[in-house]
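**Student:** I have a structure here, written as structure tokens, and I will follow up with some questions on it.
The values are calculated or read from the model by the stated rules, or taken from the named source; none is laboratory data. For clarity, every value in this text was computed on a predicted model and none was experimentally measured. Neighbour counts are summed over all protein chains in view; Cβ atoms, including those assigned to glycine, are modelled from backbone coordinates with ideal geometry. Ligands, DNA and RNA are stripped out before the accessible areas are found, and what is left, the full protein with its side chains, is counted by its heavy atoms. Shrake-Rupley method; radii C 1.70, N 1.55, O 1.52, S 1.80 Å.
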Amino acid sequence: MDINKLTIKAQEALSQAQSLGDKFSHQEITAIHLLVVLIDQEGGIVSPILEKSGVETVSLKTTLNGVLELSLIHI
């Protein structure tokens, strides 16, 4: 995959997901890392879509961060 062919927002999201993985000392970046940063992305579409679908994004993000913290134990 050529990261330069992605949009600026997608490049930023991947970079932030990698930083989140580094924060938790994860060797692999997963969809969970990406979803956490996409929920917070300013001007992004993920959070509004989730909210229109009835998802409480704050609760979802809290749960996902908990999953990431727990996976630290297994690495």
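**Student:** With every protein chain present, what is the per residue accessible area of the chain (1.4 Å probe, Å²)?
**Tutor:** Accessible area per residue, the chain: 72 Å².
**Student:** Sticking with this one: When we measure straight from the Cα of residue 23, which aspartates and glutamates land under 12 angstrom away, once same-chain ones fewer than 8 places off are left out?
**Tutor:** Output for residue 23: 69.
**Student:** Going toward the positive end of the dipole of the chain, with +1 on Lys and Arg Cβ and -1 on Asp and Glu Cβ, which of 29, 45, 59 do you reach last?
**Tutor:** Value: 45.
**Student:** Once you charge only the Cβ atoms, +1 for Lys and Arg and -1 for Asp and Glu, what is the size of the charge dipole of the chain about its Cα centre, to the nearest 20 debye?
**Tutor:** 100 debye
**Student:** Straight distance only, please: which lysines reach the Cα of residue 52 with their own Cα at less than 29 Å, same-chain residues fewer than 8 apart left out?
**Tutor:** The reachable lysines, counting only those whose Cα sits under 29 Å from residue 52, are 9, 61.
**Student:** In addition: Name the shape class, rounded, prolate or oblate, that the alpha-carbon gyration tensor gives for the chain, where a ≥ b ≥ c are the square roots of its eigenvalues, rounded holds for a/c under 1.5, and otherwise prolate holds if a/b is larger than b/c and oblate otherwise.
**Tutor:** oblate
**Student:** A follow-up question, please. On the protein heavy atoms, probe 1.4 angstrom, tell me the percent of accessible surface of segment 1-63 carried by carbon and sulfur.
**Tutor:** 56 percent
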